[in-house]
Amino acid sequence: MSEESRPSYRIAIVGGGAAGLATAAELLERAPGRVRMDIFDRRPVPFGLIRYGVAPDHAAGRQLIEKRAAVFDDPGVRFLGAVDFNRDLQRDDLLSSFDAVVYATGAAADRLLDIPGESLAGVRSGRSFAEWCTGAPGVPGFDLTGVTSVAIVGLGDVAIDLARLLLKKPAEFADTDMPRDVLEHLTSHRVREVSILVRRGPGDCQLKSRDLAELLNLPDVAVRFDKAALNVDEAHLSQKAQDALPIWRAAAEREVHGARARLRIRFWTRALELRGREALDGLRIEKTHLDKAGRLVSAGSEDMIPAQLLLRATGARGLPLDRVPFDARTGTIPTVDHRVVDSTGTVQPGEYAAGWIANGWVGGFGTQNRDGAAVAERILADLDRHAGSIDGVLQARGVRPIGIDGWRRVEQAEQALGAAEGRERIKLSDPAELLAIARGE
């Protein structure tokens, strides 16, 4: 069958972040001219955590946005922003309007610590802090007034970013796209100690060497941790952990005189209780170790540390979509070979899931790219249905989707704001302002 005579398909992708755009890019590459796609997102602009999850002092997010923005140059691709699946659309709407539907909504909810005191003021999501720093619309702000000690639970990529954002000199963010109000607040904060609680040792941490080295070598920041934790069997470590060991060892020998702040990494430590009357003022912690069966258990030593802010960096889980199969235990849409299945394991024809909503909180953008490619391959192998149009459904409900031109208007406005202050851009974070500019109002 010639390329011209092969069937074309309409595909809906719910979620315009890393996994959704990776799937779209792969579909365009594998079936050029044969797919028409509508990419829906609850926010007025696309890119998800590529835009709102990469720290503003790192260029990776901007580079990936530039790469993924090419998807919207294809005439067969539409972006429909400010469309919320649970509010504006239903599952049946999409299934009756498209040949295939891909759910790529990520993992929007924190994994909780499930310890006493977690409801205290000052106990917050680490990812929310990162999103606040990157201008995510609708994210509740942070007030660091009176905060001198911060505890971060977990040591992954998010925790590394959080610690760096808190300990780096605020002036170093002046030429980034960080929102003006956030930058002004960070300039005046008085955080002088950041403690990272890690249930296991450095051999179990899967960190990017470059990011780890940057954090452990911040100017005027003293780094403290138990050197004995570095005594590990290197033969059984992952490549990432092996690459990180020389960085940890160098940090253990580094001396900083007259430090303005301190980073304390507490290996083999977990939080037992968060204390305070109405707001957090400290944590009860205990040491951990592995028993003979390899289980993480208490080592019997407890302590108290001060903190006025605790940031969870212990992972995330997906949220359910109305009437779409969902596993509440794992926080994922269940799949088999990328196809959505119900509670009985029955494949739901024409429905697929990609990224964290399908696989749980594992991997970064590279993993999302690979998963998107696999989902695209499965879709093209499966497609055998025809469908109608979603436009009538949205119009009848008074929903006005925002096209990719809205993103371009936001881009221009942010660049204009930045130019006025000698910066590349300043992100718009006010939801109403962002929506108005995206709509051209």
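The values are calculated or read from the model by the stated rules, or taken from the named source; none is laboratory data. As the structure is a prediction and not an experimental result, all values here were calculated from the model. Note that each Cβ is placed from the backbone with ideal geometry, even for glycine, and that neighbours are counted across all protein chains shown.
Any chance you could count how many residues in region 37-60 are more than 16 Å from LEU428 (Cα to Cα), at pLDDT below 95 and not hydrophobic (A, V, I, L, M, F, W, C)? Steps first, answer last, please.
Looking only at region 37-60, we keep the residues that are more than 16 Å from LEU428 (Cα to Cα), and these are 37-42, 57-60.
Subset that is at pLDDT below 95: 57-60.
With the extra rule that they be not hydrophobic (A, V, I, L, M, F, W, C), the set shrinks to 57-58.
Of the residues in that region, 2 qualify.
Got a sec? Which of ASP143, ASP177 is assigned by TED's automatic domain parsing to the domain that holds LEU283, assigned to a loop (DSSP other than H, G, I, E, B) and closer than 25 Å to ILE305 by Cα?
Values: ASP177 fails: closer than 25 Å to ILE305 by Cα.
Exactly one of ASP143, ASP177 is assigned by TED's automatic domain parsing to the domain that holds LEU283, assigned to a loop (DSSP other than H, G, I, E, B) and closer than 25 Å to ILE305 by Cα, namely ASP143.
Could you say whether any residue in region 365-374 is surrounded by fewer than 15 Cβ atoms within 10 Å (Cβ to Cβ), within 15 Å of the chain's Cα centre (by Cα) and free of Cβ contacts under 8 Å to residues at least 60 places away in the same chain?
yes
Do we find that HIS289 is over 25 Å from GLY53 (Cβ atoms), surrounded by 13 or more Cβ atoms within 10 Å (Cβ to Cβ) and without any contact (Cβ under 8 Å) to a residue 60 or more places away in the chain in this structure?
Here the answer is yes, as HIS289 does meet what is asked.
Report whether or not ALA358 is surrounded by 14 or more Cβ atoms within 10 Å (Cβ to Cβ), closer than 17 Å to ALA104 by Cα and of a type in the set (A, V, I, L, M). Explain how you work it out, then say what you get.
Working: surrounded by 14 or more Cβ atoms within 10 Å (Cβ to Cβ): yes; closer than 17 Å to ALA104 by Cα: yes; of a type in the set (A, V, I, L, M): yes.
Yes.
Quick one: in region 105-132, of everything that is part of a loop (DSSP other than H, G, I, E, B), more than 13 Å from the chain's Cα centre (by Cα) and among the small types (Gly, Ala, Ser), which residue is farthest from GLY15 (Cα to Cα)?
GLY117
I want to confirm something. Restricting to region 385-401 and keeping residues that are touching a residue at least 60 places away in the same chain (Cβ under 8 Å) and not aliphatic (A, V, I, L, M), which single residue is farthest from SER8 (Cα to Cα)? Write out each step before concluding.
Pass one, region 385-401, residues touching a residue at least 60 places away in the same chain (Cβ under 8 Å): 385-390, 393-394, 397, 399-401.
When the remaining residues are screened for being not aliphatic (A, V, I, L, M), the result is 385-386, 388-389, 397, 400-401.
Numbers: ARG385: 10, HIS386: 9, GLY388: 13, SER389: 14, ARG397: 28, ARG400: 26, PRO401: 24 Å.
Applying the filter and picking the extreme gives ARG397.
Test VAL297 against the criterion of being surrounded by fewer than 19 Cβ atoms within 10 Å (Cβ to Cβ), touching a strand residue (DSSP E or B) at 6+ places or on another chain (Cβ under 8 Å), of a type outside the set (Phe, Trp, Tyr) and more than 28 Å from LEU283 (Cα to Cα), and give yes or no. Talk me through it step by step, then tell me what you get.
On the way: surrounded by fewer than 19 Cβ atoms within 10 Å (Cβ to Cβ): yes; touching a strand residue (DSSP E or B) at 6+ places or on another chain (Cβ under 8 Å): yes; of a type outside the set (Phe, Trp, Tyr): yes; more than 28 Å from LEU283 (Cα to Cα): no.
Judged against the criteria, VAL297 is not a match.
Look at VAL340 and say whether it is without any contact (Cβ under 8 Å) to a residue 12 or more places away in the chain and either over 23 Å from the mean Cα position of the chain (by Cα) or closer than 25 Å to ALA25 by Cα (or both).
Working: without any contact (Cβ under 8 Å) to a residue 12 or more places away in the chain: no; either over 23 Å from the mean Cα position of the chain (by Cα) or closer than 25 Å to ALA25 by Cα (or both): yes.
No, not satisfied.
One residue is enough: does region 68-83 have a residue meeting the conditions part of a loop (DSSP other than H, G, I, E, B), under 21 Å from the mean Cα position of the chain (by Cα) and touching a residue at least 24 places away in the same chain (Cβ under 8 Å)? Can you show your working first?
Start the filter on region 68-83 by keeping residues that are part of a loop (DSSP other than H, G, I, E, B), which leaves 74-76, 82-83.
Checking which are under 21 Å from the mean Cα position of the chain (by Cα) leaves us with 82-83.
Imposing the further condition that a residue be touching a residue at least 24 places away in the same chain (Cβ under 8 Å) reduces the set to 82-83.
Yes, region 68-83 contains at least one residue that is part of a loop (DSSP other than H, G, I, E, B), under 21 Å from the mean Cα position of the chain (by Cα) and touching a residue at least 24 places away in the same chain (Cβ under 8 Å).
If you check GLU377 against the conditions, is it over 26 Å from ALA22 (Cβ atoms), modelled with pLDDT of 90 or more and under 26 Å from the mean Cα position of the chain (by Cα)?
Working: over 26 Å from ALA22 (Cβ atoms): no; modelled with pLDDT of 90 or more: yes; under 26 Å from the mean Cα position of the chain (by Cα): yes.
Judged against the criteria, GLU377 is not a match.
Considering LEU237, LEU207, LEU216, which residue is out of contact with any Ser or Thr (no Cβ under 8 Å at 6 or more places or on another chain), outside the structural domain of GLY364 (by TED's automatic domain parsing) and modelled with pLDDT of 95 or more? Before you say what the answer is, go through the steps one by one.
Numbers: LEU237 fails: modelled with pLDDT of 95 or more; LEU207 fails: modelled with pLDDT of 95 or more.
After ruling out the rest, the residue left standing is LEU216.
Filter region 180-210 down to the residues that are among the charged types (D, E, K, R) and either touching a residue at least 60 places away in the same chain (Cβ under 8 Å) or in a loop (DSSP other than H, G, I, E, B) (or both), then identify the one that is surrounded by the most Cβ atoms within 10 Å (Cβ to Cβ). Spell out the reasoning first.
Filtering region 180-210 for residues among the charged types (D, E, K, R) gives 180-181, 184, 190, 192-193, 199-200, 204, 208, 210.
From what's left, either touching a residue at least 60 places away in the same chain (Cβ under 8 Å) or in a loop (DSSP other than H, G, I, E, B) (or both): 180-181, 190, 192-193, 199-200, 208.
Working: ARG180: 16, ASP181: 14, ARG190: 10, ARG192: 16, GLU193: 19, ARG199: 17, ARG200: 17, LYS208: 15.
Ranking the candidates gives GLU193 first.
Looking at region 357-374, which of the residues that are under 16 Å from GLY48 (Cβ atoms) and of a type in the set (Val, Ile, Thr) is modelled with the highest pLDDT?
Residues of region 357-374 under 16 Å from GLY48 (Cβ atoms): 357-359, 361, 363-369, 371-372.
Now narrow it down to the ones that are of a type in the set (Val, Ile, Thr): 357, 367.
Details: ILE357: 97, THR367: 90.
Residue satisfying both the conditions and the ranking: ILE357.
Kindly check whether there is at least one residue in region 302-319 that is touching a helix residue (DSSP H, G or I) at 6+ places or on another chain (Cβ under 9 Å), surrounded by fewer than 17 Cβ atoms within 10 Å (Cβ to Cβ) and outside any strand (DSSP E or B).
Checked against the condition, which is being touching a helix residue (DSSP H, G or I) at 6+ places or on another chain (Cβ under 9 Å), surrounded by fewer than 17 Cβ atoms within 10 Å (Cβ to Cβ) and outside any strand (DSSP E or B), region 302-319 yields at least one hit.
Within region 85-104, work out how many residues are part of a helix (DSSP H, G or I) and in contact with a helix residue (DSSP H, G or I) (Cβ under 6 Å, 6 or more places away or on another chain).
Restricting attention to region 85-104, the residues satisfying the condition of being part of a helix (DSSP H, G or I) are 85-88, 91-97.
Keeping just the survivors that are in contact with a helix residue (DSSP H, G or I) (Cβ under 6 Å, 6 or more places away or on another chain) gives 93.
Final tally of qualifying residues: 1.
Which members of region 391-410 meet the condition of being part of a helix (DSSP H, G or I) and surrounded by 15 or more Cβ atoms within 10 Å (Cβ to Cβ)? If you could, list the steps in order and put the result at the bottom.
If we filter region 391-410 for residues that are part of a helix (DSSP H, G or I), which is where we start, we get 391-396, 404-410.
Across region 391-410, the qualifying residues are VAL393, LEU394, ILE404, GLY406, TRP407, ARG409, VAL410.
So if I check each of ILE333, ILE357, ILE305, which one is assigned by TED's automatic domain parsing to the domain that holds ILE196 and of a type outside the set (Gly, Ala, Ser)? Let's see the steps before the verdict.
On the way: ILE333 fails: assigned by TED's automatic domain parsing to the domain that holds ILE196; ILE357 fails: assigned by TED's automatic domain parsing to the domain that holds ILE196.
None of the others qualify; the one that does is ILE305.
Which of the residues that make up region 259-277 are within 26 Å of LEU165 (Cα to Cα) and among the charged types (D, E, K, R)?
ARG260, ARG262, ARG264, ARG266, ARG270, GLU273, ARG275
Go through region 294-336 and give me each residue that's in contact (Cβ under 8 Å) with a residue 40 or more places away in the chain and more than 30 Å from GLN348 (Cβ to Cβ).
As a first pass, look at region 294-336 and keep what is in contact (Cβ under 8 Å) with a residue 40 or more places away in the chain: 296, 305-319, 321-324, 331, 333.
If the condition is that a residue be in contact (Cβ under 8 Å) with a residue 40 or more places away in the chain and more than 30 Å from GLN348 (Cβ to Cβ), then LEU296, ILE305, PRO306, ALA307, GLN308, LEU309, LEU310, LEU311, ARG312, ALA313, THR314 are the ones that fit.
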